[in-house]
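Participant: Dropping the structure in here first, questions after.
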Amino acid sequence: MAQRRKWTAIVLTCQSKDNALALQKELDIWQAKGVIEEGVILLTVEDPSSQVVNTDVLYDTHVLIFHLGRCFPCDGCGHAFVTLPLSRQQAASEGLVTNLELLLHMMTYQVAVNSPPGVWVCSTDMFLNIPEILDERSFAGVDVCAVSVPVSVNYARQHGVYKISSEGLLEDIIYQGSMEAINSCSLPSGQVPVVSGVVYFSVKIAEKLLMSPLNACTTYLGLDSGARPTKLSLFFDILLSMCSDVTREAFISGERSNPCGQSVAVATSHPDHQLVNSARRTVWQLLRGSKACVGQCLRPSMWSLSQASSVVTTSGSYSYMSCTGHRGHILRSLDPEQTTWLARRHTHSFVQSDAASDDAVFINSIVDSEITVGSGSVLSHTHLPPGLKVGQDSIISGICSSDFQECQFALPDNVVLQVFHLSLQCLKTDVSQRVLTLFGREDDLHRPMNDPISTFCSNPWQHLFTTTGVCKEDLWDAHVDKTKQCLFTARLFPVFHCHGKVHWTDVLWLISPGNSDSLLRRLYFRVAERQIQETLMQGTDRGLTGLYVTAVTEGYSHAILSVLDQGSSRYVK
């Protein structure tokens with residue numbers, strides 16, 4: 001059996017209490033199906049929330065915290081629950097594989113296998129692959145260990161990179177820096193170590209933070225005493241305080257200490273100015289002296305560094321999850337050389353159409369006959385009715401047949417069509433509102449409309465204004481700054497008018513993952529029903545045990561039994 005890290009607790013931080021309840025149910029299902037080991041404590045908490053880790057339980061325990069972060073415009077379930085065209089090999093039960101499950105597997109079997117007790121924090125807004133097991137010497141004498149993989153200098157311009165001294169000490173963290181600054185972080189290979197979002201805190205450091213007077217500060221470790229929270233960045237407040245090139249004045253003033261690692265200090269007139277500066281001063285006092293042993297090169301593919309140490313592996317890969325790269329991320333997961341997962345272009349899907357391209361990808365979807373699906377398109381959690389045409393290189397998610405009833409519709413190439421499920425408190429009901437959104441796969445959601453290369457559905461904004469009669473005043477109020485007039489803030493996808501207009505930003509913040517999850521699960525079992533019917537009708541030897549186990553675990557056993565009863569009377573002689 002492969003080496004693995006047995007976790008004491010796994011924690012998911014999310015944006016709201018409703019999200020936490022839905023995610024707790026999902027984790028419980030994962031544990032019942034064996035994805036998470038029995039006995040592991042599972043917690044989902046609102047971020048910021050109450051304290052989830054305390055000093056009494058840190059010794060001899062291994063805690064893994066996943067930070068779910070912001071909503072993802074290309075998937076209503078967020079970065080963590082993006083579904084991939086993969087299935088588990090040799091698993092007792094079947095189910096959809098998400099990015100979160102890949103990250104959990106990587107942390108359990110590669111990254112944290114040899115780590116001592118402490119707290120791991122892992123972001124979920126990236127696709128990260130670290131195939132090698134980190135050596136136990138990487139953690140010897142280490143207070144904080146940031147895991148990284150090398151990327152090209154050009155790619156790093158849009159992300160954060162670690163600057164490492166020749167002695168192996170972490171000198172700085174640079175976010176979207178100049179070419180000169182990024183090149184100063186170069187490894188011997190010419191690449192640079194990217195901030196991957198995976199960090200280990202030793203018991204010593206975690207205990208210092210938990211016992212500190214940061215009474216009104218909330219970090220990814222879940223510190224909160226009930227006072228007004230002051231958010232501290234994991235990288236640009238906690239780790240940055242340990243970087244040797246960062247001065248005390250620059251850190252405490254906020255010159256370098258903010259979410260983007262750039263000079264945007266809190267104005268002195270801001271009510272949080274004194275509070276934030278006080279918190280940073282405390283962090284500096286706590287962590288500045290947290291130096292461990294001198295780092296050493298363990299082998300050509302790995303660095304082990306002291307202080308806020310960093311482990312850089314040469315065989316891994318990192319890719320931030322963005323709308324422009326989303327389709328590519330999904331297609332790259334079809335790597336045939338992987339051994340842990342079974343990659344299929346048709347993953348838990350029922351495709352009847354002969355006009356569907358061979359290199360299109362279908363995940364948890366039903367595609368009826370007389371449907372055309374273009375090359376390179378990705379369909380997930382979708383049921384397409386007859387007569388629909390999908391162009392090339394598009395992303396379709398969450399669409400049901402009723403969305404296009406009695407409608408012969410052709411989607412162009414390179415678009416993203418999906419459904420968000422909104423839970424609006426003003427309605428005082430548990431029923432969610434379905435909203436269809438459409439934009440170009442290469443559209444930059446945050447690029448200002450007046451930028452010459454800004455687009456909507458791959459066309460200049462003027463094309464929209466000319467063909468529809470819509471003007472920019474219809475999309476943005478007059479007081480909205482021109483730099484903020486972009487696709488992300490445009491009123492393009494109406495829901496209804498109630499207590500005010502619902503903006504695109506409101507659409508993202510009002511998403512209810514719980515509603516989305518239940519709909520995806522129902523579609524999953526509709527696909528399963530068709531697969532069972534086909535198996536009985538054709539008399540094939542397709543194994544159904546995994547489906548049965550999943551149905552029992554997730555409360556769909558009666559529906560599956562009904563299909564078996566019907567099938568046995570029709571197809572079994």
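Participant: Would you mind telling me which numbered condition in (1) surrounded by 16 or more Cβ atoms within 10 Å (Cβ to Cβ); (2) polar (S, T, N, Q); (3) at pLDDT below 90; (4) under 29 Å from Lys208 (Cβ atoms) Thr108 fails?
Facilitator: Single failed check for Thr108: (3).
Participant: Every residue in region 20-45 that is at pLDDT below 90, in a loop (DSSP other than H, G, I, E, B) and open to solvent by 40 Å² or more (accessible area, probe 1.4 Å), please.
Facilitator: Gly34
Participant: Out of the residues in region 537-562 that are closer than 19 Å to Val351 by Cβ and part of a helix (DSSP H, G or I), which is least open to solvent (accessible area, probe 1.4 Å)?
Facilitator: Step by step, filter region 537-562, then rank; the result is Leu547.
Participant: Something else now. From (1) at pLDDT 85 or above; (2) under 21 Å from Asp403 (Cα atoms), pick out the condition that doesn't hold for Leu445.
Facilitator: (2)
Participant: So if I check each of Ser269, Ser278, Ser225, Ser241, which one is at pLDDT 55 or above, small (Gly, Ala, Ser) and either more than 19 Å from Val121 (Cα to Cα) or open to solvent by 10 Å² or more (accessible area, probe 1.4 Å) (or both)?
Facilitator: When all the criteria are applied, what remains is Ser278.
Participant: With a cut-off of at least 2 residues that are touching a strand residue (DSSP E or B) at 6+ places or on another chain (Cβ under 6 Å) and under 17 Å from Arg327 (Cβ atoms), name the strands (runs of 3 or more DSSP E) lying wholly within region 339-396. So that I can check it myself, show each step before the final result.
Facilitator: On the way: elements: 341-343, 361-363, 378-380.
Fully inside region 339-396 and qualifying: 361-363, 378-380.
Participant: Tell me whether region 425-437 contains one or more residues that are touching a Leu at 6+ places or on another chain (Cβ under 9 Å), modelled with pLDDT under 80, polar (S, T, N, Q) and open to solvent by 40 Å² or more (accessible area, probe 1.4 Å).
Facilitator: yes
Participant: Criterion first (under 30 Å from Ala92 (Cβ atoms) and at pLDDT 80 or above) does His326 satisfy it? Working first, answer last.
Facilitator: Values: under 30 Å from Ala92 (Cβ atoms): no; at pLDDT 80 or above: yes.
The answer is no for His326.
Participant: Let me spell it out: the conditions are (1) under 21 Å from Val361 (Cβ atoms); (2) at pLDDT 90 or above, and Leu411 meets all of them except one. Which number is the exception?
Facilitator: (2) is the only condition that Leu411 fails.
Participant: Go over the candidates Glu101, Glu94 one by one and state the one that is modelled with pLDDT of 90 or more and outside any strand (DSSP E or B).
Facilitator: When all the criteria are applied, what remains is Glu101.
Participant: Which one of these does Val312 not meet: (1) touching a Pro at 6+ places or on another chain (Cβ under 9 Å); (2) modelled with pLDDT under 80; (3) surrounded by fewer than 22 Cβ atoms within 10 Å (Cβ to Cβ)?
Facilitator: Exception for Val312: condition (3).
Participant: Of all residues in region 460-487, which are open to solvent by 60 Å² or more (accessible area, probe 1.4 Å) and in a strand (DSSP E or B)?
Facilitator: Pro460 - this is the single residue of region 460-487 that is open to solvent by 60 Å² or more (accessible area, probe 1.4 Å) and in a strand (DSSP E or B).
Participant: I'd like to know if region 46-57 contains one or more residues that are of a type outside the set (Gly, Ala, Ser), part of a strand (DSSP E or B), at pLDDT 90 or above and open to solvent by 10 Å² or more (accessible area, probe 1.4 Å).
Facilitator: Taking region 46-57 and keeping what is of a type outside the set (Gly, Ala, Ser), we get 46-48, 51-57.
Next, only the ones that are part of a strand (DSSP E or B) stay: 46.
Keeping just the survivors that are at pLDDT 90 or above gives none.
For region 46-57, residues of a type outside the set (Gly, Ala, Ser), part of a strand (DSSP E or B), at pLDDT 90 or above and open to solvent by 10 Å² or more (accessible area, probe 1.4 Å): absent.
Participant: Just wondering, is there one or more residues in region 254-266 that are surrounded by fewer than 19 Cβ atoms within 10 Å (Cβ to Cβ) and modelled with pLDDT of 60 or more?
Facilitator: yes
Participant: Another one. State the number of residues belonging to region 1-19 that are more than 14 Å from Phe81 (Cα to Cα), at pLDDT below 85 and among the hydrophobic types (A, V, I, L, M, F, W, C).
Facilitator: Residues meeting the conditions: 2.
Participant: Looking at (1) of a type in the set (Gly, Ala, Ser); (2) part of a helix (DSSP H, G or I); (3) at pLDDT 80 or above, which is the one condition that is false for Ser516?
Facilitator: All conditions pass for Ser516, except number (3).
Participant: Working only within region 138-168, note down all residues that are charged (D, E, K, R) and within 14 Å of Leu187 (Cβ to Cβ).
Facilitator: The initial filter retains those residues of region 138-168 that are charged (D, E, K, R), namely 143, 157, 163, 167.
Matches in region 138-168: Lys163 only.
Participant: Further question: Phe81 versus (1) under 30 Å from Ser241 (Cβ atoms); (2) assigned to a loop (DSSP other than H, G, I, E, B); (3) under 15 Å from the mean Cα position of the chain (by Cα): which is the lone unmet condition?
Facilitator: Failing condition for Phe81: (1).
Participant: Which is aromatic (Phe, Trp, Tyr), under 24 Å from Tyr175 (Cα atoms) and out of contact with any helix residue (DSSP H, G or I) (no Cβ under 7 Å at 6 or more places or on another chain), of Phe139, Phe72, Phe66?
Facilitator: Selected residue: Phe72, the only one of Phe139, Phe72, Phe66 that is aromatic (Phe, Trp, Tyr), under 24 Å from Tyr175 (Cα atoms) and out of contact with any helix residue (DSSP H, G or I) (no Cβ under 7 Å at 6 or more places or on another chain).
The values are calculated or read from the model by the stated rules, or taken from the named source; none is laboratory data. Values in this document were obtained by computation on a predicted structure and should not be read as measured data. Counting neighbours? That spans all protein chains shown, and the Cβs are built from the backbone with ideal geometry, glycine included. Note: areas computed on protein heavy atoms with side chains; ligands, DNA, RNA excluded. Shrake-Rupley method; radii C 1.70, N 1.55, O 1.52, S 1.80 Å.
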